[in-house]
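S.K.: The structure that follows is given in the form of structure tokens.
All of the numbers you see were taken from the coordinates with simple rules; none came from a lab. Computed from a prediction, not measured in an experiment: that's the story for all the values here. A quick note on method: Cβ atoms are made from the backbone with ideal geometry, for glycine too, and the neighbour counts reach across all protein chains shown.
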């Protein structure tokens with residue numbers, strides 16, 4: 001795998017695992033905002049993770065769900081969007097940009113989940129280009145999560161369009177040397193490898209879909225049925241041609257980490273937020289920890305005299 | 001008190017109390033750093049609170065303790081300062097500036113207190129001029145806490161020197177319209193009123209000195225013996241000529257808030273960090289809440305549909 005120089009920024013070092021800010025630093029600032037990404041740069045984490053969805057007019061934007069969630073967005077008049085809200089794929093970029101995502105809606109479960117999350121006086125959904133232009137001036141590595149639309153009429157077309165748009169944006173911004181192409185949709189990672197063989201691919205997995213787990217989102221995701229695998233997850237990622245495996249943190253075992261490393265894969269777990277879970281992930285020798293609370297992970301590492 | 005236009009920025013509004021970031025946002029980022037103050041501006045809090053101490057060569061710097069604390073500062077070679085560390089009054093600005101305050105020392109009680117506090121790759125003690133130049137470009141109001149040195153050979157000289165230096169810096173930066181002169185040392189506030197009668201004065205109080213309380217610091221403070229007062233604290237502040245009273249939050253009662261308001265004083269409590277205490281302070285109708293966790297206070301206000 002040594003041809004992927006990007007991997008140096010995602011691999012654990014002598015100072016322990018890499019720290020990656022999930023959707024920026026969601027425990028501290030509203031998710032997927034330029035302000036959240038800037039916070040990550042200020043505190044010197046290794047990488048950020050963010051989500052790409054396409055608007056109706058095919059602008060790649062950085063937003064998590066396929067519907068603009070009424071739990072975090074208000075319209076131009078300041079009213080919370082309805083729930084369920086409009087599909088991003090049916091909104092123009094101009095429509096989307098009119099919405100304010102500077103404060104989560106505390107009347108919703110989501111809005112009450114991160115009780116230290118500050119508000120922003122106003123914030124807009126950033127374009128992928130804007131996030132990458134920011135990243136180009138930083139030294140952050142990037143997990144670019146591509147979220148193909150489960151309702152797209154032609155999934156192969158959807159994958160090609162999104163992969164091409166993301167790769168083009170990455171090249172335009174000049175950040176290809178710090179990017180991992182990241183998705184639950186293992187199919188789009190096949191496309192990425194074909195059109196951009198120099199970019200490493202990073203395979204997300206979430207098998208059990210326990211509705212009690214925080215990982216669960218109301219949003220639907222394009223992904224293979226991993227309960228039907230006839231081999232281990234690390235082996236499946238390696239066979240697919242991936243360089244990184246990114247399991248839900250409650251689903252990864254020490255044996256799997258060792259197997260993945262033996263296969264030449266890096267392992268990054270998401271989304272690890274409690275001190276107890278963070279320490280367990282550090283002990284397991286992961287390459288990276290994706291977290292809503294990057295300061296908390298830094299604190300755990302500092303208490304061990306790591307970075 | 002209506003001659004002090006600055007007070008508009010410190011007085012509670014229809015959206016509840018003002019939010020003030022204590023030493024920046026100490027729960028989120030290392031204290032008294034430009035990065036912490038910038039975070040407060042990003043999230044749109046109303047004001048910041050910070051501490052001014054003088055170096056040996058009489059440069060006003062923004063640092064909390066009279067000794068540069070080994071719990072938060074490393075020397076130029078990266079080693080933690082000894083404990084007790086050098087007195088700021090005996091360090092040149094150049095000496096002080098060589099120290100790195102980007103991460104608290106997790107081997108100390110202080111360094112383990114804020115477990116979500118992120119690190120900064122490197123950070124320096126800022127000068128008062130630097131903080132005020134930043135503030136001039138922001139819309140933040142400022143609690144400028146003057147920390148006169150209890151070991152100064154001539155306290156009247158110390159007070160005059162510090163008050164003059166701070167007032168000069170405030171005027172030079174053009175932020176007099178957003179400043180409150182703030183101190184535990186009620187004596188320096190007398191000096192401030194004489195040399196800068198246009199600046200409101202803000203009286204800190206901490207009476208009981210319970211060693212179990214988080215308010216307690218190893219650092220000594222110049223302050224009157226408030227256990228000897230023959231009148232109420234609000235009355236004493238009003239008699240002294242102050243515009244704001246800033247009690248330790250565990251020591252303020254509803255009756256005192258009402259008395260202070262009847263006397264024309266504003267009331268800002270410090271340092272209010274737990275959700276329970278924050279809500280109690282909101283219920284008491286304070287003008288402002290000084291907190292290490294400004295996002296948490298914003299969350300409490302948003303849950304009440306306030307700002």
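S.K.: Once you have a ≥ b ≥ c as the square roots of the Cα gyration tensor eigenvalues for segment B:21-153, tell me rounded if a/c is under 1.5, and otherwise prolate or oblate according to whether a/b is larger than b/c.
M.R.: oblate
S.K.: Extending each Cα 7 Å along its Cβ direction at residue A:138 and residue B:229, get the distance between those two points in nm, one decimal.
M.R.: 4.7 nm
S.K.: Mean separation of Cα pairs under 8 Å and 6+ residues apart, divided by the residue count of segment B:213-278: what relative contact order is that in percent?
M.R.: Once normalised by length, the contact order is 31 percent.
S.K.: Taking each residue of B:108-119 in turn, how many C-beta atoms of other protein chains fall within 10 Å of its C-beta, and what is the average?
M.R.: Per residue, the average neighbour count from other chains is 5.
S.K.: Now, a different point. Taking each residue in A:95-105, count the Cβ atoms of any other chain within 10 Å of its Cβ, then average. What number comes out?
M.R.: For peptide A:95-105, the averaged partner shielding equals 1.
S.K.: Counting only the backbone N, which residues of segment A:62-83 are under 20 Å from the spot 7 Å out from the Cα of residue B:303 toward its beta-carbon?
M.R.: So the set is A:71-73.
S.K.: Restricting to the protein assembly as shown, compute how many DSSP beta bridges are antiparallel as a %, nearest 5.
M.R.: Of those bridges, close to 20 percent are antiparallel.
S.K.: Tell me, what is a quarter of the convex hull surface for the C-alpha atoms of segment B:142-245, in nm² with one decimal?
M.R.: Result: a mean projected hull area of 7.1 nm².
S.K.: Run lengths n ≥ 4 of DSSP H only: what is the helix-derived mean residue ellipticity at 222 nm for chain B, with -39500 (n - 2.57) per run over all residues, to the nearest 500?
M.R.: The helix-only estimate for chain B comes to -8500 deg cm²/dmol at 222 nm.
S.K.: Convex hull volume of the Cα atoms in chain A, per residue, in Å³?
M.R.: 125 Å³
S.K.: Could I ask something else about it? Considering only the label points, 7 Å along Cα→Cβ from Cα, what distances in nm to one decimal separate residue A:275 from the same position in each other copy, shortest first?
M.R.: Shortest to longest, the spacings are 1.8 nm.
S.K.: Here is a follow-up. Every other copy gets compared here: list the nm distances from the residue A:198 label point (7 Å along Cα to Cβ) to its counterparts, shortest first, one decimal.
M.R.: 5.9
S.K.: Also, quick follow-up: Measuring from a point 7 Å out along Cα→Cβ, what nm distances, shortest first, does residue A:264 have to its partners in the other copies?
M.R.: 7.9
S.K.: A follow-up question, please. Can you give me the C-alpha center-to-center distance between segment B:71-92 and segment A:211-269, rounded to a whole angstrom?
M.R.: The two parts, judged by their Cα centres, are 47 Å apart.
S.K.: Okay, next question. Can you give me the P(r) profile for segment B:117-161? Cα pairs, bins 10 angstrom wide beginning at 0, each as a whole percent.
M.R.: All Cα pairs, binned at 10 Å, distribute as 20, 31, 36, 14 percent.
S.K.: State whether segment A:160-208 is rounded, prolate or oblate according to the following rule on the C-alpha gyration tensor (a ≥ b ≥ c being the square roots of its eigenvalues): a/c under 1.5 gives rounded; otherwise a/b larger than b/c gives prolate, and the remaining case gives oblate.
M.R.: Taking the square roots of the gyration eigenvalues as a ≥ b ≥ c, segment A:160-208 is prolate.
S.K.: I've got another one for you. How big is the protein assembly as shown by the Kirkwood estimate over distinct Cα pairs, in Å?
M.R.: Roughly 25.8 Å, rounded to one decimal.
S.K.: Mind listing P(r) for segment B:49-102? All alpha-carbon pairs, 5 Å bins, whole percents.
M.R.: 5, 23, 34, 26, 11, 1, 0
S.K.: If you don't mind, another one. Antiparallel versus total DSSP beta bridges in chain B: what percent is that, nearest 5?
M.R.: If I count the DSSP bridges inside chain B, around 20 percent turn out antiparallel.
S.K.: If you don't mind, another one. If you take the square roots of the eigenvalues of the alpha-carbon gyration tensor of segment A:178-307 and sort them as a ≥ b ≥ c, do you get rounded (a/c under 1.5), prolate (a/b over b/c) or oblate?
M.R.: The shape class here is prolate.
S.K.: Would you compute, for the Cα atoms of segment B:112-191, the largest minus smallest coordinate along each principal axis and list the three values in descending order, in whole Å?
M.R.: 40, 32, 19
S.K.: Quickly rank A:97-107, A:6-16, B:17-27, B:219-229 as a protection proxy: mean count of other C-beta atoms within 10 Å, highest first.
M.R.: Averaged packing, sorted descending, gives the order B:17-27, A:97-107, A:6-16, B:219-229.
S.K.: Provide a whole-number value for the mean count of partner chain Cβ atoms within 10 Å of the Cβ atoms in peptide A:38-47.
M.R.: Mean partner shielding for this stretch: 5.
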